1. Residue check: is residue 106 surrounded by fewer than 20 Cβ atoms within 10 Å (Cβ to Cβ), closer than 17 Å to residue 152 by Cβ and under 14 Å from the mean Cα position of the chain (by Cα)?
2. Being at pLDDT 50 or above and not β-branched (Val, Ile, Thr): is that true of residue 96 here?
3. It is to be established whether one or more residues within the range 127-141 are within 25 Å of residue 73 (Cβ to Cβ), out of contact with any His (no Cβ under 9 Å at 6 or more places or on another chain), acidic (Asp, Glu) and open to solvent by 40 Å² or more (accessible area, probe 1.4 Å).
4. Could you check residue 152 against (1) open to solvent by less than 30 Å² (accessible area, probe 1.4 Å); (2) touching an Asp or Glu at 6+ places or on another chain (Cβ under 8 Å) and say which number it fails?
5. Considering only the range 128-167, state which residues are farther than 20 Å from residue 110 by Cα and of a type in the set (S, T, N, Q).
Amino acid sequence: MNKIVSFIFSLALLTSLTACFSNDNETHSTTTDITATTNTTEAETTVQSDIVKDDATAGEKLLDSFYTAIEADPAISADKLAEAILSNSIIEFEGAQMPVENGLLTGFGNAEITGFKEGVMFSPMISTIPFIGYIFILEDNVDAEEFIKTLKDNADLRWNICTEADEMIVDYSGNTVFFLMCPNSLAAE
């Protein structure tokens, strides 16, 4: 009986490893790093106006959800903001959110992310989808652009062992920062 259970377990492990390695051999899309800062000149904010286009990426559409929620309630909490983003109709998976504290965070390797007074991570319940997002409400003395630079410098689009995100979207409004790594499309395949 133990041999049968061991065999089944080994077969399951081998199958999951094969899936990981087969993803490595696939052609990955070029990654996109978009930072559309709301506090910049008109020329630098063209990404924001393009977000509502039909051909916008998943990340751009979710960034638009961020802008919409912030505009509707500038004092919105991080968890309510993450909830609003996860309720976007383009998300076809069951999402979850959880509060995070300053320190080591998923997706940033060994870098400690600090400087926020409220933080929420949002992601799919299924871990094989290369999607992870954060909402950070910064401490009063923290510069949003420097905080974003720290995020971008330490983010790893391949934080999820078997998959890789296609794009990184980072922006802020006031003292609230939106960070997302995700596929270009969230449509079911």
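The values are calculated or read from the model by the stated rules, or taken from the named source; none is laboratory data. Worth saying up front: this structure is predicted, and the values here are computed from it rather than measured. Note: ideal-geometry Cβ built from the backbone for every residue, glycine included; neighbour counts use all protein chains shown. All accessible areas refer to the heavy atoms of the entire protein, side chains included, with ligands and DNA or RNA removed. Shrake-Rupley method; radii C 1.70, N 1.55, O 1.52, S 1.80 Å.
1. So residue 106 fits the description; yes.
2. Yes, satisfied.
3. Scanning the range 127-141 turns up at least one residue that is within 25 Å of residue 73 (Cβ to Cβ), out of contact with any His (no Cβ under 9 Å at 6 or more places or on another chain), acidic (Asp, Glu) and open to solvent by 40 Å² or more (accessible area, probe 1.4 Å).
4. (1)
5. At the first step, the residues of the range 128-167 found to be farther than 20 Å from residue 110 by Cα are 128-129, 137-145, 166-167.
Matches in the range 128-167: 128, 141.
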